[in-house]
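Structure provided below as C-alpha cells; questions to follow.
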Amino acid sequence: LFADRYMTTTSDHPMIPTGELEPVTGTPLDFATRPHKYSEHLDDFDKTTFRGYDHTFAASDAPTDNVRQVASVWSETSGLRLTVLTDQPALIMYTGNWISDKLIGKNGIRYGNYAAVAFEPQRFPNAVNIPKFRSQVLLHPGDVFKQRTVYRIDRLM
C-alpha cells in the first residue's frame, strides 16, 4: 500500500472512524516502508473486533486531480498482480475476515477467513461527521461527483 497514515477508530467501537490520521510506521499497517504479506500480521489483531485488516488508509488528505498508485498485490502462485490507481484520498483494505469455511470455490478449494483481499478507494468514511473532511462529501444542487479508479491486472512471470 502506498499510504503512510491510517484513520483511527473510536475506543468504544472499533469500526467508527475518528478522523484522526496516525502514521503506519512500526505497526502491522505499515506496508509503505516494509512491504510484506498481509497474512504475516493477522494474529496481531483483536479477534473479537477486526480479526484482520478492515482499515482506512490515507493515500492523501483530499481527492487529487489525477489517479496515482495506491496499492499493489500479487500472487506468488499464479504470478498475477493487481495494481490499484485512484484519485480518492482513502483506501479501505479488507482481508475477508468473516468468510465462511463452508464456501467451496474453484477446483473444490475450501475458502475461509482471509481467503480474499479487497481494496476500496473512496472518500474518508464518516466524513460527513468530521469537520475537516465534510466538504469532500457534501454535494449541493448542480454539483457533479466524479471518481476515477483503475484496477490493473498483469502477470509478473
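Which of (1) surrounded by 17 or more Cβ atoms within 10 Å (Cβ to Cβ); (2) of a type in the set (G, A, S); (3) within 24 Å of N66 (Cα to Cα) is the odd one out, the single condition G142 does not satisfy?
(1)
(1) open to solvent by less than 70 Å² (accessible area, probe 1.4 Å); (2) free of Cβ contacts under 8 Å to residues at least 24 places away in the same chain: which one isn't true of Y111, the others all being true?
Answer for Y111: the failing condition is (1).
Being within 12 Å of F124 (Cβ to Cβ) and touching a residue at least 12 places away in the same chain (Cβ under 8 Å), is that true of even one residue in the stretch 22-36? Don't jump to the end; show me each part of the working.
Step one: list which residues in the stretch 22-36 are within 12 Å of F124 (Cβ to Cβ), which gives none.
No: zero hits.
Scan (1) part of a loop (DSSP other than H, G, I, E, B); (2) under 18 Å from the mean Cα position of the chain (by Cα); (3) without any contact (Cβ under 8 Å) to a residue 60 or more places away in the chain for the single condition P125 breaks and write down its number.
Exception for P125: condition (3).
Search the stretch 146-157 for residues being open to solvent by less than 100 Å² (accessible area, probe 1.4 Å) and in a loop (DSSP other than H, G, I, E, B), and hand back the single one that is nearest to V128 (Cα to Cα).
Q147
Looking only at residues that are open to solvent by 50 Å² or more (accessible area, probe 1.4 Å) and not β-branched (V, I, T) in the stretch 69-90, which one is farthest from A115 (Cα to Cα)?
Q69
Residues in the stretch 47-54: is at least one open to solvent by 50 Å² or more (accessible area, probe 1.4 Å), of a type in the set (S, T, N, Q) and farther than 20 Å from G96 by Cα?
no
Being in contact with a Lys or Arg (Cβ under 6 Å, 6 or more places away or on another chain) and either aliphatic (A, V, I, L, M) or open to solvent by less than 50 Å² (accessible area, probe 1.4 Å) (or both) is true for just one of L29, L42, L21. Which residue is that?
Just a single option satisfies the conditions, and that option is L21.
Could you name every one of the strands (runs of 3 or more DSSP E) located completely within the stretch 1-118 that has at least 1 residues being farther than 24 Å from Y151 by Cβ, within 16 Å of the chain's Cα centre (by Cα) and not charged (D, E, K, R)?
Here the list reads 5-9, 17-23.
The values are calculated or read from the model by the stated rules, or taken from the named source; none is laboratory data. Model, not experiment: these values are computed from the prediction. Using ideal geometry, Cβ is built from the backbone for each residue, glycine included, and neighbour counts are taken over all protein chains shown. To get the accessible areas, we keep the full protein, side chains included, count just its heavy atoms, and leave off ligands, DNA and RNA. Shrake-Rupley method; radii C 1.70, N 1.55, O 1.52, S 1.80 Å.
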